[in-house]
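Heads up, the thing below is written out as structure tokens.
The values are calculated or read from the model by the stated rules, or taken from the named source; none is laboratory data. Note that this is a predicted model, so its numbers are computed, not measured. Cβ atoms come from the backbone with ideal geometry, glycine included; neighbour counts cover every protein chain shown.
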Amino acid sequence: MASGEFVLETDDLSKEFKGFFAVRGVNLRVRKGDVHALIGPNGAGKTTVFNLLTKFLTPTSGRILYKGEDITRTSPADIARKGMVRSFQISAVFPHLSLLENVRIALQRELGTSFHFWKSDASLAALNDRAEALLEAVGLTEFRSHMAGDLPYGRKRALEIATTLALDPEMLLLDEPTAGMTHEDIVRITDLIGKVAQNRTVLMVEHNLSVVSNLSNVITVLQRGEILAEGSYDEVSKMPEVISAYLGTGNG
Amino acid sequence: MIRILGLVVLVAAALAAPYFFYPIFLMKALCFALFACAFNLLLGYVGLLSFGHAAFLGTAAYITGHSMKVLGLPPELGILAGTAAAALVGLVFGWLAIRRQGIYFAMITLALSQMIFFYALQAPFTGGEDGIQAIPRGHLLGFIDLTSEIALYHFVLAIFVFGWLVIYRTIHSPFGQVLKAIRENEPRAISLGYRTDHYKLMAFVLSAALSGMAGSTKTLVFQLASLTDVHWHMSGEVVLMTLLGGMGTVFGPVVGAFLVVSIQNYLAQMGSWVTIIQGGIFVVCVLLFRRGIVGEVLALIRKLRERQARTG
Ligand SMILES: Nc1ncnc2c1ncn2[C@@H]1O[C@H](COP(=O)(O)OP(=O)(O)OP(=O)(O)O)[C@@H](O)[C@H]1O
Ligand SMILES: [Mg+2]
């Protein structure tokens, strides 16, 4: 198989915390255009993999390739500039900024005025239309002037997705995008992810298996830091070791 | 409407003040208000607690003092030289400290500022324990005689307003928006592609430069640059002023600075009791209103508005 079709590849990726391997020898291959799900019981190492991929953690060993380029030593801000943008498991918003401002923070970097301390922030109003459109896509229009910190948890997650999408990333990493959402919100966000995935690659951690089966074409199952299984939803869900790993934690 | 009215009253009060209060007292308070505002840019809007800001005030004080007394520079260039020197020291300090978080950041800035203190104690041009004294005030732009206290007051007021406006604009700029994002959630700002260290360093240098401008102006007012300006007490005092008035608010540090300077002035005859009273006030304030005076007032207004919106 030509490696050109993989957007993201890891080579024997490991992360050790004081003698404990949270991630061990992971070879992950994410194909361009796929919605690739990373699932596994609590503590399997999913978030740690995300932190390694986006350089919030330095791997103990192994390599990471993004579009064929070695990014093992790249800084987290530069990862985002290369088009790979993540969301966080614990909702990450800017609590004392309005929803509109939250989304605008993501949009404003492209204006190239982010160091201009002498310029009025009224100049950012040029981004309002796009920010509002993004808020509308996640169903938050009516709250646009509320402080992000005042939103209930599920809506914060929706705001985070809108902010992530504002960067128009080639590759999206979503850590449990539907956690804490109501059923209605889950439907909306699943639709949205499905829509935005049409012209980009998505790697997502998700506990809600109906979301996983709806959206993803490839699933990697992680257990105790190692890859346990990989394949389509139908393949993976029939594997006895996956069933036992999942039933063992009462999840699924 | 209320805002414009408030502004007019404020400007009128500022212009009339020297006819009702000692101009020297007012100028001292304005210098410290600018110092506290500059410090607040870092603490209130980036979330960085520096414990070494005396280094910037003091460096600028010495450079201005030396360049005016020994090199004979006019006041405007003296202040510019002091401000530039403080910015340079800020660049070095910031470059060394900015990657640290929380208490480590405070410790490194304290350690670095102590180095400046010992340098000031030893270096020949600073005059050691005596400092640089009897610095001539000179003529502003060659024709405004600053030995006139009223003229000097207006110059100091203009510098304060300029510095305050720079800070106000910085906070309300695209850059300020990124600073707020970093303060609120730095990992998230990074994940959106911001190289947050660069922004923090830029804010640090701005804060250092404006602190320096305050120090230079103070030197012009008192015709003195001394070890008091670089002492760690000074770094502590600016923290006190900012917290007392309300960090993260644009007027808080001004109120805090006026309060602290007033306390020091009116209680001066009580000697070392001043420090104790000041400490007592600080403890009471921290316990009673954690947002600082202006912060509490703003919170109260917000609460009243919300209640009005709900009932009306
Ligand atoms: N910074 C850290 N220091 C020490 N141990 C850590 C650290 N981060 C994660 N771990 C450990 O690594 C293991 C994997 O954690 P991780 O958060 O990656 O799991 P996860 O698969 O995302 O779980 P969940 O489904 O609960 O989100 C856990 O046992 C966790 O305690
Ligand atoms: Mg996790």
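Applying the condition of being of a type in the set (Gly, Ala, Ser) and assigned to a helix (DSSP H, G or I) to segment B:109-158 and asking which residue is nearest to residue B:10 (Cα to Cα) yields B:158. Checked against (1) surrounded by 18 or more Cβ atoms within 10 Å (Cβ to Cβ); (2) not in a helix (DSSP H, G or I), residue A:157 meets all criteria but (2).
For residue B:158, are the conditions met, namely being more than 8 Å from every other protein chain (Cβ to nearest Cβ), under 19 Å from the mean Cα position of the chain (by Cα) and modelled with pLDDT of 95 or more? Judged against the criteria, residue B:158 is not a match.
When B:240, B:201 are screened for being among the aliphatic types (A, V, I, L, M), surrounded by fewer than 24 Cβ atoms within 10 Å (Cβ to Cβ) and over 22 Å from residue B:96 (Cα atoms), only B:240 passes. Among the residues of segment B:66-73, is any on the phi < 0 side of the Ramachandran plot and modelled with pLDDT of 90 or more? Scanning segment B:66-73 turns up at least one residue that is on the phi < 0 side of the Ramachandran plot and modelled with pLDDT of 90 or more. Can you spot a residue in segment B:209-225 that is assigned to a helix (DSSP H, G or I), surrounded by 23 or more Cβ atoms within 10 Å (Cβ to Cβ) and within 12 Å of chain A (Cβ to nearest Cβ)? Looking for residues that are assigned to a helix (DSSP H, G or I), surrounded by 23 or more Cβ atoms within 10 Å (Cβ to Cβ) and within 12 Å of chain A (Cβ to nearest Cβ), one finds at least one in segment B:209-225, hence yes.
Answer yes or no as to whether residue B:87 is touching a residue at least 60 places away in the same chain (Cβ under 8 Å) and either of a type outside the set (Lys, Arg) or touching a Gly at 6+ places or on another chain (Cβ under 7 Å) (or both). Spelling it out, residue B:87 is indeed touching a residue at least 60 places away in the same chain (Cβ under 8 Å) and either of a type outside the set (Lys, Arg) or touching a Gly at 6+ places or on another chain (Cβ under 7 Å) (or both).
Of the residues making up segment A:216-235, those that are of a type in the set (A, V, I, L, M, F, W, C) and either surrounded by fewer than 22 Cβ atoms within 10 Å (Cβ to Cβ) or within 12 Å of ligand 1 (Cβ to nearest atom) (or both) are A:218, A:221, A:222, A:227, A:228, A:229. Scanning segment A:109-128 for any residue that is closer than 26 Å to residue A:7 by Cβ and within 16 Å of ligand 1 (Cβ to nearest atom) turns up nothing. Among the residues making up segment A:174-196, those that are out of contact with any Gly (no Cβ under 7 Å at 6 or more places or on another chain), away from chain B (no Cβ under 14 Å) and either basic (Lys, Arg) or within 16 Å of ligand 2 (Cβ to nearest atom) (or both) are A:176, A:177, A:178, A:179, A:195. Any residue that is within 16 Å of ligand 2 (Cβ to nearest atom) and within 14 Å of chain B (Cβ to nearest Cβ) - is there at least one of those in segment A:149-164? Yes: segment A:149-164 contains one or more residues that are within 16 Å of ligand 2 (Cβ to nearest atom) and within 14 Å of chain B (Cβ to nearest Cβ).
Taking segment A:164-194 as the range and being closer than 17 Å to residue A:36 by Cβ and either part of a loop (DSSP other than H, G, I, E, B) or away from ligand 1 (no atom under 16 Å from the Cβ) (or both) as the test, the residues that pass are A:164, A:169, A:170, A:171, A:172, A:176, A:177, A:178, A:190, A:193, A:194. Residue A:178 meets each of the listed conditions (1) farther than 21 Å from residue A:42 by Cα; (2) among the β-branched types (Val, Ile, Thr); (3) surrounded by 21 or more Cβ atoms within 10 Å (Cβ to Cβ) apart from (1).
Within segment A:82-130, being more than 8 Å from chain B (Cβ to nearest Cβ), surrounded by 19 or more Cβ atoms within 10 Å (Cβ to Cβ) and at pLDDT 90 or above holds for A:84, A:99, A:100, A:102, A:103, A:107, A:127. Just one of the listed residues (A:10, A:48, A:58, A:74) is within 16 Å of ligand 2 (Cβ to nearest atom), of a type outside the set (D, E, K, R) and at pLDDT 90 or above, and it is A:48. Counting the residues of segment A:25-59 that are away from chain B (no Cβ under 14 Å) and away from ligand 1 (no atom under 11 Å from the Cβ) gives 15. Against the definition (at the interface with chain B (Cβ under 10 Å from one of its Cβ atoms) and either more than 12 Å from ligand 1 (Cβ to nearest atom) or within 17 Å of the chain's Cα centre (by Cα) (or both)), how does residue A:62 come out, yes or no? No.
Filtered by the rule that a residue be among the hydrophobic types (A, V, I, L, M, F, W, C) and under 23 Å from the mean Cα position of the chain (by Cα), segment A:117-146 gives A:131, A:133, A:134, A:135, A:137, A:138, A:140. Scanning segment B:185-198 for residues that are under 23 Å from the mean Cα position of the chain (by Cα) and either surrounded by 21 or more Cβ atoms within 10 Å (Cβ to Cβ) or facing chain A (nearest Cβ under 7 Å) (or both) yields a count of 0.
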